[in-house]
Amino acid sequence: MTADGRFVIALACWILFVTAPASAQPSGRSEPVDNATCLGCHADASLAIKAADGAGISLHVSENALAGSVHAKHACVDCHKAMAEIPHPAMALASKRTLTVALNEQCRACHFANYTKTLDSVHQLAVARGDRMAPLCVDCHGAHDVKKPSTPRTLVSQTCAKCHEGVAAAYARSVHGQDVSKDNPDVPTCVDCHHAHDIAGPHKTEWELRLPDMCGRCHADAAKMKKYGLSTNVLRTYLADFHGKTASLRRDQGTPVSGAVVARCPDCHGVHDIQKTKDPQSHVIKANLLQTCRQCHPGATGNFPGAWLSHYEPGLHKAPLVYAVKVGYWLLIPFMIGGLGLQILLHLWRLSGIR
């Protein structure tokens, strides 16, 4: 439809409105308005209004974007209830953001479960303290072009990158980010670790305490790790060593980790810049490991990292001396306890014979 055609339709609607009797004019209730009627005006790319601060607010809606949206089967007025009247009621908008904030409340009508999750998120805390630029539903999901959040999976990190540019750049260079760009379904995106709606701040106690279990969801999955030749013992061996024991104790007690010398997965491997353990940029490659340890142990010397077996279990090919001591204890401890038990039994038997 041409601009002239849309103008004629709009003019006709206005004439009908002003010439109709009062009983026929809208009064808060109206006949259902279909999407074709809305697009008759809003398909115009030049359609816009001005906010009180002078900023232009585009009212254009792409018909193709709307057709490809997960909401394609819904009517425009399902979300824009106040716009069911034609001509539309006058709107006084202080800024473009005012419109976004106002429309955000419409999402909870259908997505109440996810809306309630956002109330506990770090984003909602920012909104509550008056940060009007903190992300709302449409900032992440879009408005008229809402897609499934994991189609494609790269869309997740691209969405987060709109606010978290530095983090997104580091993630894109990481082993996880590189594989996500190849559409690998096995590696985590932002929401797999941070969640989508109930996003916790990275320094919250609950977040810090659950880090090992969070990484273990993938790294303890035998089927998934087999594809990449990775050990599934990383979580178990971590929880068995001195770092993991302390982290487990604090998790069970619910005590804060911040300020304490407790190494968790990101403390050694990195947060968003995780690399393969043999990559020159990896925090845990031998050349960089001492510097990594010194984050918690500033006085560590050159041979300090050698005291740690990484996530390997001692064996004939890895730390054979430690393995030999371990086997020795397996033999020695039962022998000593068994010998002590035998001595006690023989002593009792001898005493019973004397009587």
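We did not get these values from a lab; they are worked out from the coordinates using the rules stated. Model, not experiment: these values are computed from the prediction. Note that we place each Cβ from the backbone using ideal geometry, even for glycine, and neighbour counts take in every protein chain shown.
With 26 Å as the limit, write out which pairs from Lys226/Lys286; Lys73/Lys148; Lys204/Lys318; Lys73/Lys182; Lys148/Lys278 have Cα-Cα distances beyond it, or answer none.
Lys204/Lys318; Lys73/Lys182; Lys148/Lys278
Return the sequence-ordered ³J(HN,Hα) values of segment 151-168 in whole Hz as given by the Karplus equation 6.51 cos²θ - 1.76 cosθ + 1.60 applied to θ = phi - 60°, using x for Gly and Pro.
Karplus values, whole Hz, x for Gly and Pro: 10, x, 5, 5, 4, 4, 5, 5, 5, 5, 5, 4, 10, 10, 5, x, 5, 5.
If one computes the Cα centroid of segment 75-152 and of segment 327-349, what distance in Å separates the two points?
Between the Cα centres of segment 75-152 and segment 327-349 lies a distance of 72 Å.
Could you order peptides 108-117, 266-275, 340-349 by the average number of other Cβ atoms within 10 Å of their residues, highest first?
In decreasing order of mean packing, 108-117, 266-275, 340-349 become 266-275, 108-117, 340-349.
In nm, to one decimal, how far is the Leu316 label point from the Thr205 one, both placed 7 Å along Cα→Cβ?
4.9
Tell me the angle of helix 242-253 to the major Cα principal axis of the chain, expressed in degrees between 0 and 90 and rounded to the nearest ten.
Rounded to the nearest ten degrees, it is 60.
Can you tally the net charge around Leu125? Count Lys and Arg as +1, Asp and Glu as -1, for every other residue whose Cβ sits under 12 Å from the Cβ of Leu125.
Summing Lys and Arg as +1 and Asp and Glu as -1 gives -1.
Cβ under 10 Å from His197's Cβ, His197 left aside: what net charge do those residues give with Lys, Arg +1 and Asp, Glu -1?
-1
Which net charge results when you count Lys and Arg as +1 and Asp and Glu as -1 among the other residues whose beta-carbon is under 15 Å from that of Thr232?
Taking every other residue near Thr232 into account, the sum is +1.
Can you tell me the FRET efficiency between Asp179 and Arg108 if r is taken as the Cβ-Cβ distance and R0 is 35 Å, rounded to the nearest 0.05?
0.50
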